[in-house]
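Read-outs throughout are calculated quantities, based only on the coordinates presented, and are distinct from any laboratory measurement. Predicted model, so just to flag it, every value in this text is computed and none were measured. Cβ coordinates were reconstructed from backbone atoms using ideal geometry, including for glycine residues, and neighbour counts include every protein chain displayed.
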Amino acid sequence: MSLVEFSRAIIYNDNGQVSLPTNAVSISGNRPIGSISDHLHYFVSNIEANAGDNKLSKNAKENNIFENLNYDYIGVVNGNNTEELFKVLNNIKENKLKRATVLHVRTKKSNDFINSKSPISILHSIKKNEIFPFDTTILNGNIHKENKIEEEKNVSSSTKYDVNNKNNKNNDNSEIIKYEDMFSKETFTDIYTNEMLKYLKKDRNIIFLSPAMLGGSGLVKISERYPNNVYDVGIAEQHSVTFAAAMAMNKKLKIQLCIYSTFLQRAYDQIIHDLNLQNIPLKVIIGRSGLVGEDGATHQGIYDLSYLGTLNNAYIISPSNQVDLKRALRFAYLDKDHSVYIRIPRMNILSDKYMKGYLNIHMKNESKNIDVNVDINDDVDKYSEEYMDDDNFIKSFIGKSRIIKMDNENNNTNEHYSSRGDTQTKKKKVCIFNMGSMLFNVINAIKEIEKEQYISHNYSFSIVDMIFLNPLDKNMIDHVIKQNKHQYLITYEDNTIGGFSTHFNNYLIENNYITKHNLYVHNIYLSNEPIEHASFKDQQEVVKMDKCSLVNRIKNYLKNNPT
């Protein structure tokens, strides 16, 4: 452009934030990639443009990199002073440029917006309509150690989820559970980081790669302790997949690519050709899967089940809780033959109290994968995977779902009766199949629905957490339909159209189950409309995936189908 007649202004936005500082090494083994600003600062002048003059202000220093490249140069303009910036832009417009001109604008991210001493990365997840300036400790973030900022719970202190509120009709003496008590302070990302640190103590061949997402992927703490095991390849998602796939061809190494769901989309061609077609056993840790709250519309991870579900040589795992996340990570560590994709949501983990009380998971053993032939009330210690050898663990985990609640009565008939005075009514069996992070909404919704007398006398409910999209637990689906005689099937997922529900429906259609077993199927998934910036909790309500909305959707579904 500098060698032809090109009378246009080129704005160089100098914000000093091309990359975030990390301890990870770059491809060259030196400084992190993306630090071109440091070099430009050395060449360009720091003389401010005189915005008040009608004439264009230029820097005449011989070592100005732009003028040496035959550009006119104007700078440096304070970009945070919009009045000054507009004057300079108007001067450019009025004076008309004779050739390509670089306008050097320097901005300070968070200027007059937040405490400048705070880590700049937290500004990626600010609250909507927040009043400034504000206390940085209320922001979401993945900052640890001396910069530790506790991630905001995705809850409201004023909101309560009452299992059986005394003020409700048909109440009993069950414990009242506050909504905020459902969650722990730790995040899913924290669990991932801590688990990987444990594995690194015994195996230094685990290598982590990320395209400029170390903080949000939980790799900062790992890079601090094991700097040679973490590589930041810069903002180059396509390259990161190919680079990671090439490294994973070395069977001595255990490669994990840590990347956000929304940015993995950019590398879909590489996923198909460089990874899947080559049958390379790369492990991909997909951060920010599902709704992402304050990260905003551009970061929603609601498409990954749709675009990854087409792969033939991949295990796709979507844990809803920290126990199944740990199991998924163990499986990924042990597997040597397949690519494995593990979805990690941007949310806090469930509390121990909630896990024990509503997921039937005893945290002491940290496992309870119930096979279809295992009674849910059997001793959990008998089936604990904590002490299993690796081969048996893989067999117990791969492609297996988890029963949260199952109506096992009258398996050989479809006549489950309940007494109501002198009359008896058939109970219809309903099963909700969950995929993804919002299983708690399903559990809470069913608890709420079962409090209604009409519903409880006419329907019984089962809940299955599918965990795997591929391989799909078809044995569990068969068990629910054939052995347990459920007619009403509902899918619920933190993904948009084309995800779990599509695979579920295809299996039913391929086997003619809908006609053969007289099934009524209802799919609940996220809309394909853009989901705007809000808190995680608010976003659930906006897209009608929260507990209250789910209660209404299930009740309407049952109402509109035969009873």
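Suppose R0 equals 35 Å. What FRET efficiency, 1/(1 + (r/R0)^6) with r the Cβ-Cβ distance, do Asn312 and Ser527 give to the nearest 0.05? If you can, show how the numbers build up before the last one.
Details: r = 28 Å, r/R0 = 0.81.
The pair Asn312/Ser527 has a calculated efficiency of 0.80.
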- Message: Apply the Karplus curve 6.51 cos²θ - 1.76 cosθ + 1.60, θ = phi - 60°, to the phi angles in segment 510-519 and return the couplings in whole Hz, x for Gly and Pro.
- Response: 4, 9, 6, 5, 4, 6, 4, 10, 6, 8
- Cβ-derived FRET efficiency at R0 60 Å, Lys356 paired with Ala246, nearest 0.05: 0.85
- Item | FRET efficiency for Ile11 and Cys548, using Cβ-Cβ distance with R0 set to 56 Å, rounded to 0.05 | 0.75
- Cα gyration tensor of segment 183-353, axes a ≥ b ≥ c as square roots of the eigenvalues: rounded (a/c below 1.5), prolate (a/b > b/c) or oblate? rounded
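How would you rank Val521, Val241, going from fewest to most other Cβ atoms within 10 Å of each one's own Cβ? Walk me through the numbers before you get to the answer.
On the way: Val521 17, Val241 27.
Placing the least packed residue first, the sequence is Val521, Val241.
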- For segment 452-556, listing GluC sites (Glu not before Pro) in a DSSP loop whose Cβ sees at most 13 other Cβ atoms within 10 Å gives Glu532
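How would you order 350-359, 230-239, 87-96, 265-274 from highest to lowest mean count of nearby Cβ atoms within 10 Å?
Details: 350-359: 18.7, 230-239: 20.5, 87-96: 14.2, 265-274: 17.0.
By packing density, highest mean first, the sequence is 230-239, 350-359, 265-274, 87-96.
Step through the table entries Lys326/Lys451; Lys185/Lys537; Lys201/Lys356; Lys353/Lys427; Lys429/Lys451; Lys400/Lys555, compare each Cα-Cα distance with 27 Å, and write down the pairs that go over it.
On the way: Lys326/Lys451 34 Å; Lys185/Lys537 15 Å; Lys201/Lys356 30 Å; Lys353/Lys427 31 Å; Lys429/Lys451 16 Å; Lys400/Lys555 29 Å.
Check vs 27 Å cut-off fails for Lys326/Lys451; Lys201/Lys356; Lys353/Lys427; Lys400/Lys555.
Within a Cβ distance under 10 Å of Asn441, other residues only, what is the Lys/Arg minus Asp/Glu net charge? Provide the component values of the computation, followed by the final result.
Details: positive: Lys547; negative: Asp494, Asp546.
Within the 10 Å Cβ shell, the charges total -1.
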- Message: How much length would be gained if the chain were fully extended between Glu450 and Asn90, taking 0.36 nm per residue of separation minus their Cα-Cα distance, in nm to one decimal?
- Response: 122.9 nm
- Item | Span from the segment 447-488 Cα centroid across to the segment 241-281 one, whole angstrom | 36
- Given Cβ charges of +1 for Lys and Arg and -1 for Asp and Glu, the option among Leu253, Gln238, Tyr303 whose Cα lies farthest towards the positive end of the dipole of segment 228-320 is Leu253
- Query: Using 7 Å Cα-to-Cβ label points, what is the Glu510/Lys198 separation (nm, one decimal)?
  - Reply: 3.6
